[in-house]
Amino acid sequence: MVTRVLVANRGEIALRVIRACRELGLSPVAVHSSADDGSPHVAAADAAVRIGPAPAALSYLSVPAVLEAARITGADTVHPGYGLLSEDADFAEACRAEGLTFVGPDTEALRLLGDKISARRFAASAGLPVAPGSEEPVSSAEDARAQAGLIGYPLILKAAAGGGGRGMEVVRSPDDLEEVFTRVRAAAAALFNDERVFVERFIGGARHVEIQIMGDLHGTVVHLGSRDCSLQRRNQKIVEEAPAPGLPGDLLDRMAEDAVRCARRLGYHGAGTFEFLVEPDGRYWFIEANCRIQVEHPVTEMVTGVDLVQEQLRVASGLPVGPVPSDPSTRGCSIECRINAEDPDRDFRPSPGRLTEVVLPSGPFVRVDGHIAPGSVVPAEYDPLLAKVVVWAPDRPGAIARMERALAECRIEGPGVRTNLAFLRDLLRHPRFVAATHDTALLSELIPGGRP
């Protein structure tokens, strides 16, 4: 049974997991780098271990350091959160070899779905529509050019490993192929220590829709509805909502059935997300699966009433998946905005520093998942996410109005620190977002070249 949980992460997701542990009567343990000494997640845990200096490679990504922290604190379980080691099959295997319960799917699922090429193959074998692309890695620009001859331009080159929207780039012309191939392959090697790249047809002007699933160790897999994550800057999500608006219910039902069928065929357990692109004519394509909790999980929690992190811990304990709503798509609308320490006027450059003023919103049906307070330091070494503001309302216009009000209440200030708050408020007012006709191309149209 799960009793003492080491949270192998930092920031808001570490604090989120610690709170879930508290409500379940479990003992949480934190790890932290020297840059995060005194952080809220450290103060909130029953015990904390400094595992290295500020660079993540020497602390949060150090498997021996994390395992040693589990050993000396008597943890029996490891929750990896999202990012960092959350989808690292070798880390999950090392945890289990140490007798630790890893909160996540087994290593077979992590390896199969964590590799985008094998995930595409498996999804196709389960009957999911997969975008045209290469069945194997392309080893050279000429190999990529041959694939382009089969699927046409524009195309997208993607790293086979990793995730989070990194390691991918669109190629719109044959003249650009060699340069982009070299760049993406180098990024894949640097980011994921895996230089394999594959080619996929670029599906522009599409909606990015996710299906949240949860499976247990007894063979049950359920879905908890859809999310729309189409507002992205350089493949990084900024605004998410549940359920996905402006799409036919039967289309979302088919996508959910596909996700559940694929996961059940794999014997998947734990939280997972199947991601799709939906074209204007209603055709949809599987693009990848994420074997972890998502940054945007709160919007699903708000419309379903299901605590996904607690469900992860329950499933890891061997308990069956709890009851879920019979129709997760009908209980109002929830929207999440990611507040980042970045400067929209300087190409969204990260904006680290010490915060002197932090005022976060409150009021009916407003939730803030964050880890900042006056005096908090925003380190330069990590993701610039400061907080996630999440709202719920009975309908989508009400949720948009509530989010506008919530963002207007936010004040996050510090010498040299800029945030994307004003940019988020502008997005909420954009006519295409209000009308739910937005797609993944909207932000690139608003900020050509990445600049407003």
In the set 416, 363, 375, 370, the lone residue that is over 30 Å from residue 284 (Cα atoms), surrounded by 19 or more Cβ atoms within 10 Å (Cβ to Cβ) and not assigned by TED's automatic domain parsing to the domain that holds residue 166 is 370
Considering each of 264, 166, 233 in turn, give the residue that is basic (Lys, Arg) and over 23 Å from residue 382 (Cα atoms). 264
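Can you say whether residue 98 is surrounded by fewer than 16 Cβ atoms within 10 Å (Cβ to Cβ), farther than 17 Å from residue 31 by Cβ and among the acidic types (Asp, Glu), as far as the supplied structure shows? Outline the logic, then answer.
Details: surrounded by fewer than 16 Cβ atoms within 10 Å (Cβ to Cβ): yes; farther than 17 Å from residue 31 by Cβ: no; among the acidic types (Asp, Glu): yes.
No, not satisfied.
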For region 375-390, indicate whether the set of residues that are charged (D, E, K, R), touching a residue at least 40 places away in the same chain (Cβ under 8 Å) and touching a helix residue (DSSP H, G or I) at 6+ places or on another chain (Cβ under 7 Å) is non-empty. yes
Residues of region 413-430 being closer than 12 Å to residue 238 by Cα and in a helix (DSSP H, G or I), which ones? 421, 423, 424, 425, 427, 428
Considering residues that are assigned to a strand (DSSP E or B) and within 19 Å of residue 215 (Cα to Cα), the number found within region 316-361 is 0
Taking only pairs six or more apart or across chains, which ones have beta-carbon atoms under 9 Å, a first residue in region 137-157 that is at positive phi, and a second residue that is in a strand (DSSP E or B) and surrounded by 13 or more Cβ atoms within 10 Å (Cβ to Cβ)? 152/201
Can you find, within region 284-315, the residue that is farthest from residue 229 (Cα to Cα) among those that are in contact with a strand residue (DSSP E or B) (Cβ under 9 Å, 6 or more places away or on another chain) and in a loop (DSSP other than H, G, I, E, B)? 306
State the number of residues belonging to region 29-56 that are closer than 17 Å to residue 77 by Cα and among the small types (Gly, Ala, Ser). 4
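Of the residues that sit in region 431-451 and are assigned to a loop (DSSP other than H, G, I, E, B) and surrounded by 13 or more Cβ atoms within 10 Å (Cβ to Cβ), which one is modelled with the lowest pLDDT?
447
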Based on what the data block shows, is residue 106 surrounded by fewer than 19 Cβ atoms within 10 Å (Cβ to Cβ) and either within 24 Å of residue 295 (Cα to Cα) or assigned by TED's automatic domain parsing to the domain that holds residue 254 (or both)? no
Which is under 26 Å from residue 252 (Cα atoms), outside any loop (DSSP other than H, G, I, E, B) and either modelled with pLDDT under 95 or not polar (S, T, N, Q) (or both), of 188, 144, 119? 119
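The values are calculated or read from the model by the stated rules, or taken from the named source; none is laboratory data. All values reported here derive from a predicted model rather than from experimental measurement. Neighbour counts are summed over all protein chains in view; Cβ atoms, including those assigned to glycine, are modelled from backbone coordinates with ideal geometry.
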